[in-house]
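Participant: Pasting a structure here, questions to come.
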Amino acid sequence: MAGQKPRLVTVTGVGSSNWVNIDCWPEPVQFAGVARVTSGTATYDIEYTYDDLDYADGNPRPVPSNFTAQTGEAEYFSEYPVMGIRATITAGTGTVELTVLQSGGRG
């Protein structure tokens with residue numbers, strides 16, 4: 001199947017971006033992307049969830065990734081079947097932009 005278009009979310013100030021839904025059904029599950037501080041200063045984490053975003057009642061449980069306490073650009077790649085990914089600013093007033101690209105999938 002053809003890959004999906006890159007998806008972009010942002011967060012400004014302490015808090016979390018919206019979740020980006022990951023299609024965990026293609027085999028193998030592969031997604032990659034980059035997070036970066038686009039303005040100001042910020043310390044941020046990249047978080048995953050194993051909860052289905054369509055059925056998590058708006059409150060999926062975040063799981064920390066290996067990308068914690070980031071202050072600059074962070075590229076990531078995963079082949080693990082997660083349901084969503086987001087950026088969370090833990091300190092600062094800057095803006096973090098998270099771009100996600102998934103191969104395969106249903107669209």
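The values are calculated or read from the model by the stated rules, or taken from the named source; none is laboratory data. The model shown is predicted, which means the values in this text are computed figures rather than measured ones. Virtual Cβ from ideal backbone geometry, glycine too; neighbours counted across all protein chains shown.
Participant: What residue, of D57, D52, is at positive phi and at pLDDT below 95?
Facilitator: Result: D57 is the single residue among D57, D52 that is at positive phi and at pLDDT below 95.
Participant: Taking into account only those residues within region 24-72 that are of a type in the set (A, V, I, L, M) and surrounded by fewer than 17 Cβ atoms within 10 Å (Cβ to Cβ), which is nearest to M83 (Cα to Cα)?
Facilitator: Checked region 24-72; the qualifying residue nearest to M83 (Cα to Cα) is L53.
Participant: Turning to a different aspect of this structure: Can Y80 be described as free of Cβ contacts under 8 Å to residues at least 40 places away in the same chain, surrounded by fewer than 18 Cβ atoms within 10 Å (Cβ to Cβ), farther than 25 Å from G13 by Cα and among the hydroxyl-bearing types (S, T, Y)?
Facilitator: no
Participant: Still on this structure, please answer the following. Residue check: is D45 under 18 Å from T99 (Cβ atoms), acidic (D, E) and within 11 Å of the chain's Cα centre (by Cα)?
Facilitator: Yes.
Participant: Looking only at region 1-23, count how many residues are of a type in the set (A, V, I, L, M, F, W, C) and over 18 Å from Y80 (Cα atoms).
Facilitator: Taking region 1-23 as the starting set, the residues that turn out to be of a type in the set (A, V, I, L, M, F, W, C) are 1-2, 8-9, 11, 14, 19-20, 22.
Retained after the next criterion (residues that are over 18 Å from Y80 (Cα atoms)): 1-2, 8-9, 11, 14.
Here the count works out to 6.
Participant: In this structure, is D23 assigned to a loop (DSSP other than H, G, I, E, B), at pLDDT below 90 and in contact with a Lys or Arg (Cβ under 8 Å, 6 or more places away or on another chain)?
Facilitator: yes
Participant: Only one residue in V14, V96 is surrounded by 15 or more Cβ atoms within 10 Å (Cβ to Cβ) and among the β-branched types (V, I, T), so which one is that?
Facilitator: V96
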